[in-house]
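As structure tokens, the structure follows; a few thoughts come after it.
The values are calculated or read from the model by the stated rules, or taken from the named source; none is laboratory data. Computed from a predicted model, the values in this text were never measured in an experiment. Note that each Cβ is placed from the backbone with ideal geometry, even for glycine, and that neighbours are counted across all protein chains shown.
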């Protein structure tokens with residue numbers, strides 16, 4: 001049975017475009033809650049992929065801390081392509097065709113949020129989560145107003161490694177099974193590209209895009225004021 005969602009930390013929102021690392025952050029926080037014996041029927045902080053307009057319909061942003069998870073849009077579009085073609089079957093076509101239709105959307109989403117006047121705006125980059133996981137998790141915990149427990153951080157990070165998260169997904173979703181997002185569902189065990197926890201590689205887009213795709217993306221990023 002799915003839990004009714006209520007939120008322990010009411011004054012913050014975690015926002016991201018899809019495939020920018022929200023599942024990983026939610027798992028890190030769920031592990032933190034588990035270790036600190038918090039109520040695991042509740043998600044620690046409201047999170048979503050909302051646009052500013054959608055968030056305004058749900059929340060008073062003047063009273064919220066906004067934590068925005070960003071990621072290189074080239075990696076986002078590749079990950080989203082596999083999500084839509086291998087898991088959700090929402091798109092039929094090549095990666096190049098998908099890029100032509102959807103590449104600009106995560107950039108517009110980021111630009112919209114970064115320019116919005118809100119109470120507090122913190123950006124956490126997916127790339128920094130990889131290279132400085134300890135520091136970024138500490139920042140996240142402190143921004144959310146929780147007590148920072150240095151003694152458990154290493155354990156949390158180890159238990160939320162991509163290899164372990166892949167196993168958790170295979171087994172049905174674990175701590176995130178009842179949360180929105182269907183973690184632990186829709187994958188095919190014989191199709192590694194169908195998992196929500198797929199690869200998580202920084203700069204992995206180069207393994208899938210053609211040189212022409214990369215040139216197109218780079219030019220659009222320059223035009224739309226994204227520096228990566």
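Scan the stretch 154-176 and tell me whether some residue there is in contact with a strand residue (DSSP E or B) (Cβ under 7 Å, 6 or more places away or on another chain) and at pLDDT below 70. Even if it seems obvious, please write down each step before you answer.
Looking only at the stretch 154-176, we keep the residues that are in contact with a strand residue (DSSP E or B) (Cβ under 7 Å, 6 or more places away or on another chain), and these are none.
No, that holds for no residue.
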Quick one: is residue 100 outside any strand (DSSP E or B), under 16 Å from residue 12 (Cβ atoms) and at pLDDT 90 or above?
no
Restricting attention to the stretch 1-29, and to residues there that are in contact with a strand residue (DSSP E or B) (Cβ under 8 Å, 6 or more places away or on another chain) and within 18 Å of residue 166 (Cα to Cα), which single residue is modelled with the highest pLDDT?
20
So which residues in the stretch 51-78 are part of a helix (DSSP H, G or I) and farther than 11 Å from residue 118 by Cβ?
53, 54, 57, 58, 73, 74, 75, 76, 77, 78
Quick count over the stretch 129-145, residues being outside any helix (DSSP H, G or I), touching a residue at least 60 places away in the same chain (Cβ under 8 Å) and either touching a helix residue (DSSP H, G or I) at 6+ places or on another chain (Cβ under 9 Å) or surrounded by 13 or more Cβ atoms within 10 Å (Cβ to Cβ) (or both), is 1
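May I ask you to verify whether residue 94 is in contact with a helix residue (DSSP H, G or I) (Cβ under 7 Å, 6 or more places away or on another chain) and modelled with pLDDT of 75 or more?
When the stated conditions are applied, residue 94 does not pass them.
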Residue count for the stretch 65-102, restricted to those that are over 19 Å from residue 127 (Cα atoms) and out of contact with any strand residue (DSSP E or B) (no Cβ under 7 Å at 6 or more places or on another chain)
22
Name the residues in the stretch 36-58 that are farther than 19 Å from residue 105 by Cβ, modelled with pLDDT of 80 or more and either touching a strand residue (DSSP E or B) at 6+ places or on another chain (Cβ under 6 Å) or surrounded by 15 or more Cβ atoms within 10 Å (Cβ to Cβ) (or both), would you?
45, 46
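One residue is enough: does the stretch 116-128 have a residue meeting the conditions more than 17 Å from the chain's Cα centre (by Cα) and part of a strand (DSSP E or B)?
Taking the stretch 116-128 and keeping what is more than 17 Å from the chain's Cα centre (by Cα), we get 116-120.
Okay, now just the ones that are also part of a strand (DSSP E or B), so 120.
For the stretch 116-128, residues more than 17 Å from the chain's Cα centre (by Cα) and part of a strand (DSSP E or B): present.
Could you tell me whether any residue of the stretch 103-121 is exposed (fewer than 13 other Cβ atoms within 10 Å of the Cβ), touching a strand residue (DSSP E or B) at 6+ places or on another chain (Cβ under 6 Å) and either closer than 24 Å to residue 225 by Cα or at pLDDT below 85 (or both)? Explain how you work it out, then say what you get.
Start the filter on the stretch 103-121 by keeping residues that are exposed (fewer than 13 other Cβ atoms within 10 Å of the Cβ), which leaves 112, 115, 117, 120.
This time we only want the ones that are touching a strand residue (DSSP E or B) at 6+ places or on another chain (Cβ under 6 Å), so: 120.
With the extra rule that they be either closer than 24 Å to residue 225 by Cα or at pLDDT below 85 (or both), the set shrinks to 120.
Within the stretch 103-121, one or more residues are exposed (fewer than 13 other Cβ atoms within 10 Å of the Cβ), touching a strand residue (DSSP E or B) at 6+ places or on another chain (Cβ under 6 Å) and either closer than 24 Å to residue 225 by Cα or at pLDDT below 85 (or both).
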